[in-house]
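Bear in mind that the values in this text are calculations on the coordinates, not laboratory data. No experiment lies behind these values; they were computed from the predicted model shown. Reconstructed Cβ throughout: ideal geometry from the backbone, glycine too, with neighbour counts over all protein chains shown.
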Amino acid sequence: MTRSLMLAAAGFLGAAGILAAAGSAHAGASQMLISAALVCLAHAPALLALALGNWRSWLLTLAAGLLAVGTLVFAADMGVREFAGGRILPQAAPIGGTLMIGGWLCVIAGGIASLWQSRTGLP
């Protein structure tokens with residue numbers, strides 16, 4: 001995922017998070033929309049930080065992709081459940097959650113790899 005796509009994903013998820021929070025406020029504190037808002041508003045700044053960071057790591061690029069796709073799948077499933085009473089596909093929310101967890105694990109691995117490279121002097 002290029003930095004431009006990361007920035008676009010961060011903006012999209014940030015806007016979606018605000019929309020879900022507003023929708024929840026007007027829909028009587030819908031748990032589905034609260035969950036979507038929380039996940040979007042937690043991951044949008046993370047994607048923004050990854051996009052703006054000064055790094056060259058395939059692990060962090062993978063992390064950004066997993067975080068973006070996982071958040072989108074999870075939030076979309078919550079929205080479809082709320083407004084259409086269905087799902088985008090079976091097990092979409094757990095799949096999205098698993099992708100997000102994978103993204104955060106890649107952030108950990110990317111940080112450790114960066115630390116290791118800085119201590120050994122490798123590029």
Quiz item: So what's the projected area for the chain, the Cα convex hull averaged over all directions, in nm²?
Solution: 7.5
Quiz item: segment 58-123: D in µm²/s via Stokes-Einstein (Kirkwood Rh, Cα pairs, 10 °C, 1.306 mPa s)?
Solution: 122
Quiz item: For Thr98 and Ala22 in one chain, what is 0.36 nm times their gap in residues minus the Cα-Cα distance, to one decimal in nm?
Solution: 24.7 nm
Quiz item: Mind listing which trypsin sites (Lys or Arg not before Pro) in segment 44-108 are in a DSSP loop and have 10 or fewer other Cβ atoms within 10 Å?
Solution: Arg56
Quiz prompt | Cα-based radius of gyration of segment 10-62 once divided by 2.2 N^0.38 Å, which approximates compact folds | solution = 1.37
